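Okay, structure first, notes after.
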Amino acid sequence: IQESEEPQERKQLDSGPSETQLDLIARGRELRQRVFGALRSGGGASPAQEAHEKMIDSHYFGVLWSNTDLTLKQRCLVLLGIICGSNRMNGAEVWFAAGLRLGYQPAELEEVVLSAGVYCGELTYFGAQQALAEAIASQKP
């Protein structure tokens, strides 16, 4: 993914009558695929799981992640800081892998881990370090 380092001028997000919920879902799904790569097929998903996927696509990615004040790469770094700072490591490797996919080098992501350890403690550091190591390993062919 090629991301410019500078965020674009903020675009007004119009969620009025011209932009339907389906438009938000489609835009969010496209951004989500750029961040995570190929998404799992919804085959066999329950109606509740399908509704949850649509909510993620429309609200998180269709609205928040499509905001152009930050690039996708910058937004991912912010989220990694939140994940590590709050010590919510369940699934953190997915977000570290997204950071790698968006163009961060392992050493740059290691700075997130190091900062989390300094400000949030050793247990946070070790959990984040493990998640980063798993993400790096998952990127190797």
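The values are calculated or read from the model by the stated rules, or taken from the named source; none is laboratory data. These numbers were taken from a predicted model, which means no experiment stands behind them. Here Cβ is always computed from backbone atoms with ideal geometry, including for glycine, and neighbour counts include all displayed protein chains. Remember, those area values only see protein heavy atoms, side chains included, never the ligands or the DNA or RNA. Shrake-Rupley method; radii C 1.70, N 1.55, O 1.52, S 1.80 Å.
Structure values in brief
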item: Qualifying residue in segment 36-50 (condition: under 24 Å from GLU110 (Cβ atoms) and assigned to a helix (DSSP H, G or I)); result: yes
item: Options GLN33, GLN74, GLN21, GLN49; residue that is within 30 Å of GLU122 (Cβ to Cβ) and either within 12 Å of the chain's Cα centre (by Cα) or at pLDDT below 95 (or both); result: GLN74
item: When residues of segment 73-106 are limited to those that are in contact (Cβ under 8 Å) with a residue 60 or more places away in the chain and among the basic types (Lys, Arg), the one farthest from ALA38 (Cα to Cα); result: LYS73
item: Among (1) open to solvent by less than 60 Å² (accessible area, probe 1.4 Å); (2) under 16 Å from SER138 (Cα atoms), the one test that ARG101 misses; result: (1)
item: So GLY117, is it touching a Phe, Trp or Tyr at 6+ places or on another chain (Cβ under 8 Å), over 23 Å from ASP23 (Cβ atoms) and open to solvent by less than 80 Å² (accessible area, probe 1.4 Å); result: yes
item: Cβ pairs under 8 Å, 6+ apart, first in segment 46-60 and within 14 Å of LEU22 (Cα to Cα), second open to solvent by less than 60 Å² (accessible area, probe 1.4 Å) and assigned to a loop (DSSP other than H, G, I, E, B); result: GLU50/GLY42; GLU53/GLY42; GLU53/ALA45
item: Filter result for the condition that a residue is part of a helix (DSSP H, G or I) and under 14 Å from the mean Cα position of the chain (by Cα), over ALA133, ALA98; result: ALA98
